[in-house]
Each structure stands twice: as C-alpha cells, then as structure tokens.
Amino acid sequence: MLALRKFTCRTRNVASIFKSFTTQNPNLRPPTIPSCGRYDNLINAAGREREFAAVRYLLNKRVRDGCFNTANTFNFISTDLSVLDELSNHLAALSGFTRKSAYDSLVAQLSKMHRIPEAIRVAEMMVTNDFGATASTFHPIVNALTRKKEMAKAWRVMEAMRACKIQPDVTAFNHILTAFCFTGDLKSAADVLESMEEEGMAADARTYDALVLGACKAGRLDVALSVLRRMMDDKLPALYCTYAHVIKGMVRSGYDAQAVEFVRSFAGKDLKLDTENFGILATHLINMNKIEEAKNVAKEMEKRGLIMSDQLKDFCELNHFRYKESINFN
C-alpha cells in the first residue's frame, strides 16, 4: 500500500509539472485529435525548453493513444546535443515498451545526425540496463554507416552487436549488402551472402532486391534476370523497386524493346505494379530522350487505363498539342 501511495505521488508530481508547463505554454497540450506528427511537435517543443518531465508525460500519453514514435520524435537534440545525457536519464524512468521505443527512436535520431559514437553508446546502455535492445535498435546505425560507404565501421557495429549478445539479423546484413550492390561491387556482395549463409539466414525480398540492383549496376542484366527468376521460383514476391532496377538497366543499355516486353510479361496481374512498371519505363525513356518509344508506352498506359504521373500527363499533353499543331499547319 505504501509503495502504491509513493507511485501515486510521483505520478501526480509529473502530472502537476506537465499541467503547469502546458498552462504557461498552451500550444504544448496533448492534441485533441492524436497523431504521430502532433505528438512529435509537442515533444520537440518541450525538449527545446528542457522540460523533460513533460517529454516523459507525452511519450507515455502518445503510446496510450496509439501514436508510436517516429524518426522525428527527438529532432530537438539536433540543435543541442548537450541535452543527451539528461534526456537519456529521463527516458530511463519510463517502462516497458514505451521506454524501449523511446530509446530506439533516440538511437535513430543520433544515427540520422551521423553521431555514431553517441548512438552506439545509447544502444549499449540499453543492453547493459536490460531496456529491451534488439537487432532493430542497431539497424539505424548500420544503415547510416553504409549510406556513407563506411563499410569497415559498419562491420564493427555488427561485431559490437554480437558482443552485446545480440545476433545481427537479415535486415542488418541487407544494409551492408545493398551498399556493395549499389556500387556494383559483386565480389564483396558475394562475401556478404556467404556470411549470411554461414549464419543460417534465409534471403528475403530485400536481399534479392539488392542482388538485382548490384547486377544491373555492374551491367549484368543476365544475372539480374536470373536472380529475379530464382526469387519467383522460391515463391517470394518481388518488391516494386526490384522490377524498376531491371527496367532502368535495360533502357540504359539500349534494350528498349526488351524492356517493353519485360513489363508486358508481368502485366494484368497487379494494377498497382502495372502502373509502377509502365510509368517507370515511360519516364526513363523520356529521360533518355527516346521520345517515340515513350509515346508508345504512354499510349499503352492510356489503353490499359493506368494512372499517369504529372510528368507523364504533361508529356502526353505536350506531344498531343504538337501533333495537332502540325496537322493544322499543313
């Protein structure tokens, strides 16, 4: 009973602090209609004022309202990193899912700022204090490093995960694999695949997507198509961007007719996929200044009743206008 009284007193204390804070700052009250964006704005406003009791209150309230944290929840530290330790101490006072989610978002924010040592320190602190760190906690760190092509550092983060008794998962490996494939470094990509196999990991749609991208970047469309066929044999649905890699690769290599046949071969099964594939094909033909080929694809899109992007609509209107003008002139 005494413990309950103490808990109630602490709760009232936080609530009273928050009430006082929002009375002085009426724009920082919890939103009448909850949304992730509105809660992010409130938390960032409170954070800039160093009102961390209010930040805690809002973090708890948003979870109860079903509004989970986002990559923008702790944007306020991007202009004042000196608050990091104080903020971290306040987050430790949260519990369960709310605490884990808050710390994961903080790691993501630090990674976005490319403050990698601080992000790792927060992640390792989660491990030490048993705050629910998982492989997903480290994903933003690995992603940030691979985007900057800091591959050696990314591998060291993978080792740091293992030191924390957290096994790197397929998503972590996919970040590294994608970075190698983006530059067309198929040898390094093969090494990553070998490591994944050694650890008993099954490839997912992102793994295949990276391999198709890598093959296209290296100019090996035959390999890209082979990987895509293997994916379909494995009954694993391809991502829309996986088709896009092949389409762009074919157009860049001058295989326009093959690109059209490739898109048609998947047509009629998924309206959204058709819209994406035909739209990407037409847009890339326009970008490559292959106007007649783009016109034919746009006409086929019209026949199929597919929705066009604003760029394609402008392209059609412009070309229809020129055609009519030519007829009138003659």
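Kindly indicate the residue of the stretch 121-140 that is in a helix (DSSP H, G or I) and open to solvent by 40 Å² or more (accessible area, probe 1.4 Å) and also farthest from Ala71 (Cα to Cα) among those meeting that condition.
Looking at residues that are in a helix (DSSP H, G or I) and open to solvent by 40 Å² or more (accessible area, probe 1.4 Å), I get Thr128.
Counting only residues that are of a type in the set (Asp, Glu) and open to solvent by 60 Å² or more (accessible area, probe 1.4 Å), which one in the stretch 64-109 is nearest to Ala54 (Cα to Cα)?
Glu86
What's the number of the only condition in (1) open to solvent by 70 Å² or more (accessible area, probe 1.4 Å); (2) aromatic (Phe, Trp, Tyr); (3) modelled with pLDDT of 95 or more that Phe7 fails to meet?
Failing condition for Phe7: (3).
Tell me which of these Ile247 doesn't satisfy, since it passes every other one: (1) under 24 Å from Val297 (Cβ atoms); (2) open to solvent by 40 Å² or more (accessible area, probe 1.4 Å).
Here Ile247 clears every test but (2).
Does any residue in the stretch 266-281 that is under 12 Å from Val297 (Cβ atoms) come within less than 8 Å, Cβ to Cβ, of a residue that is open to solvent by less than 10 Å² (accessible area, probe 1.4 Å) and of a type in the set (Phe, Trp, Tyr) six or more places away or on a different chain, and which pairs are these?
So the pair list comes out as Ala267/Phe278.
The values are calculated or read from the model by the stated rules, or taken from the named source; none is laboratory data. In this text, all values refer to a predicted model and were calculated from it rather than measured experimentally. Positions of Cβ are backbone-derived with ideal geometry, glycine not excepted, and every protein chain shown enters the neighbour counts. Remember, those area values only see protein heavy atoms, side chains included, never the ligands or the DNA or RNA. Shrake-Rupley method; radii C 1.70, N 1.55, O 1.52, S 1.80 Å.
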